1. For the stretch 331-337, in order, what is each residue's ³J(HN,Hα) by Karplus, 6.51 cos²θ - 1.76 cosθ + 1.60 with θ = phi - 60°, in whole Hz (x at glycine and Pro)?
2. If I take R0 = 30 Å and measure r between the Cβ atoms of Glu312 and Phe118 in this structure, what FRET efficiency does the formula 1/(1 + (r/R0)^6) give, to the nearest 0.05?
3. Evaluate the relative contact order of the stretch 434-482 (contact order divided by residue number), counting alpha-carbon pairs under 8 angstrom at least 6 apart; express in whole percent.
4. Residues with beta-carbon under 14 Å from that of Thr237, excluding Thr237: net charge, scoring Lys, Arg +1 and Asp, Glu -1?
5. Of all DSSP beta bridges located in the chain, what percent are antiparallel, nearest 5?
6. For His404, what residues show an amide H to amide H distance below 5 Å, using hydrogens built from the backbone and excluding near sequence neighbours?
7. Once you sort the root eigenvalues of the Cα gyration tensor of the stretch 370-510 as a ≥ b ≥ c, which label holds: rounded (a/c under 1.5), prolate (a/b larger than b/c) or oblate (the other case)?
8. Using a basic spin-label model with each label point 7 Å from the Cα along Cα→Cβ, how many nm lie between Glu488 and Glu5?
Amino acid sequence: MNRIEQLEKLKQVQNWDIIIIGGGANGLGVAVDSASRGFKTILLEAVDFAKGTSSRSTKLVHGGVRYLEQGNLSLVIEALKERGLMQKNAEHLVKNESFIIPNYNWWGGYFYTFGLKFYDLLAGRLSLGNSKYLSKEKTLKLIPSIKPSGLQSGVLYHDGQFDDSRLAINLAQTAVDNGACLLNHFKITQLIKNDKNQITGVVAANQETKEEHIIKGKAVINATGVFTNAIMKMNDTVYKKYIVPSQGIHLVFDKSFLPGGHALMIPKTSDGRVLFAVPWHDKIVVGTTDTLVKKSDIEPIALEEEIEFVLETAQRYLSKNPTRADVLSVFAGLRPLAAPEKKGQTTKELSRSHKIIVSETGLITITGGKWTTYRKIAEEIVNKAITVHQLPNNKCATEHLAIHGNKKNSAVDLENHLFIYGTDATAILQLQESEPKLKEKLHPNYDYTLAEVVWAIREEMATTVEDILARRVRLLFLDARVAIACAEKVARILAKELEHDEEWIQNQLIEFKAVANGFLLKEFRTK
């Protein structure tokens, strides 16, 4: 997946079948679905693939234990099926994770064991493992860092765990492998309409060269997540809010706070939410919150009260108390929730299920959804585009379509951090052999090498320091201070590969530092 080749493809096609705006989970899912059905497909992303919400998840592929509690069975059944398909189609990235719920009252163990046995039953043959009741002793043995005082029992269950932006890159590659054209750093500036007020294309500006392109097509899909309202403003003179953003934050800590391979699930926090502590890339990700925010920001910042809430909740359950000084990174993401029908609805009450809206202009908009069900949502959207725009009725082919890189990781594979690249890991190792200087580590404390940076530029369309350190190599999410320390090294490789000058390097460092500071608690931000 090379940027020059994609720019070339853009010039070759005069009329596309499907134009997708937005390169998050939904947009990329549509690109894979549409291209694999044989449609001429183009996707345009204003910043970078998974730049927004889709790189800031809790890193779970799950049926939704919370939806089970709310009695939303159809959503749970669909998500459990999709979880199983995701694990089969992207085995290098999606893994089985065991979760433990600690119970501090006598009835909790029985209540959650019963509920989770039902969860297993709903998953059927795609179940990842059986749930079971744990005694207090067994719970402490499996999670020695849990607070023992008052602990009654535990429940163990299984769900999926993954790397969100790595999957996004692999989906982009899968779409390209199937003939789609994908371009990041391409911003939509206008929707083109004919004299019947029907959308016939878009105007998109290349953010690097500022060159504008007129792109004509039959169906235009708006998959811009929390920026849905902005595209809807271009679409219609009568404007209403289609989504409201709700912020969720996560804190990242060293593995020592939750040693061992099990994740922790707190079913009821003080605000009635679920809190997770999940092992991820040898760190622990703890979250999340649910805070209604006024506007959709491209770089949302965690609020102080959210940080305090996650810290206090974690301290209540972990015997090694995490403090502000222990936070390696903090990241905030915005959920695009469907705007409330009634006044005064809380974020918890707003629908988590997705919605497909067809405008009078023919624009098809997707709101909501989550990573686990991205494939099914994409299938629905392409089916809708076929109906609305009279496209050939080609059948969906994604249910058993292997995602780029798909392979089962052996125990030996898992010893090398490159396992997340799946089948591409071999090519990265070959790159290191052919250019030995690329074996050098980005930072002495982490295994990432310069070869991965070069690979991201040549094969994964990374064009900025942030593209690489936030979404190709996950350093910004794992350890923001280390990411800042690596920025210049990455900028110089980018400049060499893409033929940029010293001024470009300095601008990149300023831009990256501004973003990276948002991943640090305020007292640790750099000047």
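1. Computed from phi, the couplings for the stretch 331-337 are 10, 10, x, 10, 8, x, 7 Hz.
2. Numbers: r = 32 Å, r/R0 = 1.05.
E(calc), rounded to 0.05, equals 0.40.
3. That works out to 22 percent.
4. Numbers: positive: Lys193, Lys233, Lys240; negative: Asp236, Glu360.
Residues close to Thr237 contribute a combined charge of +1.
5. Numbers: 58 of 75 bridges.
Roughly 75 percent of the DSSP beta bridges within the chain come out antiparallel.
6. Sorted by chain and number, the residues that satisfy this are Thr174.
7. Values: a/c = 2.33, a/b = 1.63, b/c = 1.43.
Cα axes put the stretch 370-510 in the prolate bin.
8. For the pair Glu488/Glu5, the computed spacing is 3.5 nm.
The values are calculated or read from the model by the stated rules, or taken from the named source; none is laboratory data. Treat the numbers as computed from the prediction; the structure is a model and nothing was measured. Note that we place each Cβ from the backbone using ideal geometry, even for glycine, and neighbour counts take in every protein chain shown. For the accessible areas, the whole protein counts, side chains as well, though only heavy atoms, and no ligand, DNA or RNA atoms are used. Shrake-Rupley method; radii C 1.70, N 1.55, O 1.52, S 1.80 Å.
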